[in-house]
Amino acid sequence: MKTLFEYNWQVRQDWYRWCEEVEEEELLRARTGGVGSILQTLFHIIDVEWSWIRRMQGKSDKAENFDEYSRLQLIRELDARYKTEVEAFIGSWENRMEHNILEETLPDGQVSQDTWGEILRHLIAHEIHHMGQLSVWAREVGKEPISANVIGRGLVLSPQ
């Protein structure tokens, strides 16, 4: 699982570099699908990852407002600030944590119980899903998308 987080983080950095070559107006243009624009999608990925990790640790998570991070550099800074905590949690992952339960009361009053392993797999899939959307939008902009290939990234299966 750690390897797939590392993969997502590498691909995310590749997308940031890709964004450097695109006009800001294009990065903020409303898109079909996803959460809005290219930058909103990157912000959303970061925010969701950090929020789930915080809640699994029993910590509060402050809801960030995209309007305060609507530039590529601000999103990168937010990512770097949050990644420290996320990376520490993922780095400390042990198989025994797989079945820990996160119990939350939803806005409608229902109680949700999710295993930590399920949550981490959701975070991996969530980011990959949005990277696919970014790839479609990259082609709409007339640029080659970032490769989704895991091979050739120097990732080594981490021991569990």
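No lab work stands behind these numbers, since they all come straight from the coordinates. These figures come from a predicted structure and were not determined experimentally. Counting neighbours? That spans all protein chains shown, and the Cβs are built from the backbone with ideal geometry, glycine included.
Highest mean first, how do 135-142, 60-67, 39-46 rank when packing is the count of other Cβ atoms within 10 Å averaged over residues? Each step should come with its number before you reach the end.
Details: 135-142: 14.2, 60-67: 10.9, 39-46: 22.0.
Top of the packing list down: 39-46, 135-142, 60-67.
Could you please report the charge total around residue 21, scoring K, R as +1 and D, E as -1 over all other residues with beta-carbon less than 13 angstrom from its beta-carbon?
Result for the neighbourhood of residue 21: -4.
With no solvent and one equal point scatterer placed on each C-alpha of region 1-50, evaluate the Debye formula and give log10 I(q)/I(0) for q = 0.15 Å⁻¹, two decimals.
-0.45
Say the dipole of the chain comes from +1 at the beta carbon of Lys and Arg and -1 at that of Asp and Glu; which of 148, 39, 133 then lies farthest toward its positive end?
Farthest along the dipole direction, towards plus: 148.
If packing is taken as the average count of other Cβ atoms within 10 Å, what order do 105-115, 14-24 fall into, highest mean first?
Ranking, from highest mean packing down: 14-24, 105-115.
Report the per residue volume, in Å³, of the convex hull enclosing the C-alpha atoms of the chain.
Hull volume normalised by residue count: 120 Å³.
³J(HN,Hα) across region 4-15 via Karplus (A = 6.51, B = -1.76, C = 1.60, θ = phi - 60°), whole Hz, x for Gly/Pro?
Once rounded to whole Hz, the list reads 6, 5, 4, 4, 4, 5, 5, 4, 4, 5, 4, 5.
What is the magnitude of the charge dipole of the chain about its Cα centre, with +1 placed on the Cβ of each Lys and Arg, -1 on the Cβ of each Asp and Glu, and no other charges, expressed in debye to the nearest 20?
The calculation lands at about 360 debye.
Which ³J(HN,Hα) values, rounded to whole Hz and listed in residue order, are derived for region 99-106 from phi using the Karplus coefficients 6.51, -1.76 and 1.60 in 6.51 cos²θ - 1.76 cosθ + 1.60 with θ = phi - 60°, glycine and proline given as x?
9, 4, 10, 9, 10, 9, 8, 7
Sort largest first and round to whole Å: the equivalent ellipsoid semi-axes of region 110-160, each the square root of five times a Cα gyration tensor eigenvalue.
Values for region 110-160, descending: 28, 20, 4 Å.
Calculated from DSSP H runs of 4 or more alone, at -39500 (n - 2.57) each and per residue, what is the 222 nm mean residue ellipticity of the chain, nearest 500?
Estimated from H runs of four or more residues: -18500 deg cm²/dmol.
When Lys and Arg each count +1 and Asp and Glu each count -1, what net charge do the other residues less than 15 Å away from residue 115, Cβ to Cβ, add up to?
Local charge sum for residue 115: -3.
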